[in-house]
Amino acid sequence: MFIFNYFNRWAFDPADDYQQISWLFLKLLALIYLAAFGSLAVQITGLVGPNGILPFQEVLTNFYQSQGSSAYWKMPTLFWFSATNLALTIVALLGCVFSILLFLGCWQRLSLIALFILYLSLYHAGQTFLNFQWDTLLLETGFLSIFLVNGPNKLLIFLFHFLLFRLRFMSGVSKLASGDPSWANFKALNYYFETQPLPHIGSWYFHQLPDWLLRFGTGLTFFSELIVPFFIFLPRPFRLFAAAVTLVMQTLIIATSNHNFINLLTILLCLFLLDDKIVKPFMPQNWKITWQNGWLKKWPLAISTVLILGASSTLFYSMVSNQRLSGPIAKTGMLIRAYGIGHIYHIFPTMQTERHELQVEGSYDGQHWQAYSFRYKPGDPAKKPAFIIPHQPRLDWQIWFVPPQFASQMNWFKRFMRRLAQGSPDVLALLKNNPFKDRPPTYLRVMVYRYKFTNFAERKKTGNWWKRKLLGEFPYVAPRRP
């Protein structure tokens, strides 16, 4: 009883040093939500609409046939009511509306609950296109933020710290556990800038850095992910150091990589490593906020804590021990994660050492071929790599995973090719250019090129950012490894 009373007093005591931080956090979270929903609004129908690459209605129908009525709570999504193009678009646009309301401070609790439900619905609808760590990170951040409306308390601040810790530390551990030689040899950054999914112009410049500096950067990555995260739980000076290192690392990633909103979200989570003393000089002089009271204050938060700790810890154990969980523990964890919480994180556990790009081509006669052009992924060697943060073009991004020829990726890619053969307007809208305006091509093929960045001399001579070499026709080429 003593321990219970002590925990109760500690956990739900107001975190007085985080009042202004929490207010600022919700404002900035609203902007990240807006970016995430806005990015999806312009592409969701082409990805998972009825005429998209992976129609979500097919998934719902098959899941209901296998699970019966339990399917509704095993896959929580609003699209059980309807998965039409209109429904998918409305959910994404409603997310934008509630993001704006949250930013303006209107109906905060309602807005946060709505944003979580809407994004969770899109997360399930997106299937492989939304099966990324930034999507689950946004879900869990958004879920915890619902409790912030009652004002920050010590348990809630701990959960935000624990989320940031998991993101950073698990990413470091995964690099060691993978046994990837480029990480083990401190050569990862020699490849990263060139082989990441969607480089931008900063990637080209950083790729030109000397070998010793790139190796130093790899070591700094290990330090920031394996050592610094433990500072999160130490006294204030250590937390501030952890915040500074993490902010520097995230800024460097933004300067070198198109990783949508994950780095912005990581920076946002670093706010809870600071305190009101630091942000007070930058806040409006008449700053004042009244936190809402309500039923979310204690027991729902306590129950959520148990679920998050349990689900994430068991999955982390499975990752480091290389033992797959089974039985009730695995099923419970899977169900918890279906609701957007308790995930683990493993950013770039392995590093690709070659960049293979797929060029999709069509023809009416099998002799004269024209290439489809994508909006952002590398194509024309002279095309400058674009800076597109916080947008994530999900099709361009996903194609990066196809060259290894794993079954899960080949499945959606074959469906994508089928939609091109059908001339699906929703799918074609995801591309920059469709060379077959009048009717779909009679033949389709995919050519594989090895891409490398040019150096300063080559860039000056040719004007190209890339140089490429034809490897053959897909899939009749050696799969990219890793």
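For the range 266-284 versus the range 26-88, the spacing of their alpha-carbon centroids is 34 Å. Taking each DSSP H run with n ≥ 4 as -39500 (n - 2.57) and averaging over every residue of the chain yields -17000 deg cm²/dmol at 222 nm. Computed from the C-beta positions of Asn322 and Phe230, the FRET efficiency with R₀ = 30 Å rounds to 0.80. Counting charges near Tyr364 (Lys, Arg +1; Asp, Glu -1) among other residues having Cβ under 14 Å from its Cβ returns a value of 0.
If the segment from Trp107 to Asp13 were pulled out straight at 0.36 nm per residue, it would be longer than the present Cα-Cα gap by 31.4 nm.
Note on Gln57/Gln367: beta-carbon distance plugged into 1/(1 + (r/R0)^6) with R0 of 41 Å gives a FRET efficiency of 0.60. This model, with +1 at the C-beta of Lys and Arg and -1 at the C-beta of Asp and Glu, gives the chain a dipole about its Cα centre of some 480 debye. Relative contact order, whole percent, for the chain stands at 20, derived from Cα pairs under 8 Å and 6 or more residues apart.
Please say if the range 2-338 is rounded, prolate or oblate, where rounded means a/c under 1.5 for a ≥ b ≥ c the square roots of the C-alpha gyration tensor eigenvalues, and otherwise the choice is prolate for a/b larger than b/c and oblate otherwise? It is rounded, given that a/c, with a ≥ b ≥ c, falls under 1.5.
Legend: distances between Cα atoms for Lys27/Lys384; Lys377/Lys467; Lys74/Lys331; Lys437/Lys467; Lys187/Lys377; pairs beyond 22 Å are Lys27/Lys384; Lys437/Lys467; Lys187/Lys377. Remark: the range 377-384, residue by residue, has Karplus-estimated 3J(HN,Hα) of 6, x, x, 4, x, 8, 6, 5 Hz, where x stands for each Gly or Pro and the curve is 6.51 cos²θ - 1.76 cosθ + 1.60 at θ = phi - 60°. Can you bin the range 355-473 into rounded, prolate or oblate? Criterion: square roots of the alpha carbon gyration tensor eigenvalues sorted a ≥ b ≥ c, rounded for a/c under 1.5, prolate for a/b above b/c, oblate for the rest. In terms of gyration-tensor shape, prolate. With N the number of residues in the range 52-121, Rg(Cα) / (2.2 N^0.38 Å) evaluates to 1.28. In a fully extended conformation the segment linking Ser408 and Leu335 would gain 24.1 nm over its present Cα-Cα distance, using 0.36 nm per residue. A simple packing score, the average count of other Cβ atoms within 10 Å per residue, orders the peptides 83-91, 28-36, 211-219 as 28-36, 83-91, 211-219, with the highest score first.
For the range 382-482, chymotrypsin sites (Phe, Trp or Tyr not before Pro) are listed when DSSP marks them as loop and at most 11 other Cβ atoms sit within 10 Å of their Cβ; the list is Phe406, Tyr476.
Please report, ordered by residue number, every helix of the chain (full DSSP H runs) that is 24 Å or longer along its axis going by C-alpha atoms and whose mean Kyte-Doolittle hydropathy reaches 1.6. Helices meeting the criterion: 85-104. Once the Cβ-Cβ distance of Ala429 and Leu213 is raised to the sixth power relative to R0 = 60 Å, the FRET efficiency obtained is 0.90.
Taken together, the values in this text are just the output of simple stated rules run on the coordinates, not laboratory data. Not measured: the values here are computed from a predicted model. Reconstructed Cβ throughout: ideal geometry from the backbone, glycine too, with neighbour counts over all protein chains shown.
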